[in-house]
1. Can you give the Rg to Rh ratio for the stretch 188-306, taking only C-alpha atoms and Rh from Kirkwood?
2. Please give the direction-averaged projected area of the C-alpha convex hull for the stretch 74-176, in square nanometres with one decimal.
3. Would you please state the base-10 log of I(q)/I(0) at q = 0.24, 0.30 1/Å for the stretch 105-159, with intensities from the Debye formula using one equal scatterer on every alpha carbon?
4. For the stretch 7-130, what is one quarter of the convex hull surface built on the Cα atoms, given in nm²?
5. Return a whole-number percent for the relative contact order of the chain, with Cα pairs under 8 Å and 6 or more residues apart as the contact set.
6. May I ask you to work out the translational diffusion coefficient for the stretch 68-126 at 10 °C, viscosity 1.306 mPa s, via Stokes-Einstein with Rh from the Kirkwood sum over Cα pairs, reported in whole µm²/s?
7. What percent of all Cα-Cα pairs in the stretch 222-281 falls into each 10 Å bin, going from 0 up to the bin containing the maximum distance?
8. What's the Kirkwood radius of the chain in Å, using all Cα pairs?
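Just so it is clear, none of the values below were taken in a lab; they were calculated from the coordinates. The model shown is predicted, which means the values in this text are computed figures rather than measured ones. Every residue, glycine among them, receives a Cβ derived from its backbone with ideal geometry; neighbour counts consider all protein chains shown.
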């Protein structure tokens, strides 16, 4: 288990992480979400002992990561896919890491095959594409057959096949009883992969709950109602009288909030209005995420007049 206890990190006058506390539990995938500058990478670095907290503690199974004699057997991590000597082959890069932690050469061959790099194991890593570098970083994380795994943007640079592969790998690792902690900006991937979410903004905890609960609490759920143009004013009037909030979409559909599909259908029937479409739309993780982090975005683009 990973435990972050009241961690604060300052860089001079800049506050990167502010009294942050959460746990990453065994046997599930915990997603770590937040806008750019929210403190996610800094927090992961503190868990791995690469940065020292200004106050508080980041622990792995109740101990600082630095206290483990052979840490790769406990935690495997991918934080930077370019963290290798570009002149080394993929095989030699992994052999050097394995030697430092008493890991056998046979394990190097195994993880190269596991990530699909065995055909290019003898090539210099500096010639790899971004997606291949990601696979090499994931191989390094898997090298010690660790109980806990941490991945920062693991799908970055991967093609669609690679994205499906890493999604399946992450779910499989959790199913084996391992602890998996994943940071990503891709909401669709988190929605497909994570069991639990930790959301941060401006260095502070915003949410720490199962993904289903977070999505269910979002206000993005709505009903799409489509009627013929001549019936649209009457339908809008009936829905408004029933307490719904209606948005007219560019294609003429009505986006209805505050009323479920059954209620909208019953109103249409009572008014004698034929429906061309009545579709409930559930909230997505993206909807929930934007609601939670609306006030925590530090770098927001401004509209520029044409």
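1. With Rh from the inverse mean 1/r over Cα pairs, Rg/Rh is 1.09.
2. Average projection, Cα convex hull of the stretch 74-176: 5.8 nm².
3. Taking Cα atoms of the stretch 105-159 as identical point scatterers yields -1.00, -1.31.
4. If you wrap the Cα atoms of the stretch 7-130 in a convex hull and average its projections, you get 9.5 nm².
5. Reported as a whole number, the value is 21 percent.
6. Approximately 132 µm²/s, per Stokes-Einstein.
7. P(r) over the stretch 222-281, rounded to whole percents: 26, 66, 7.
8. Value: 22.0 Å, from the Cα pair sum.
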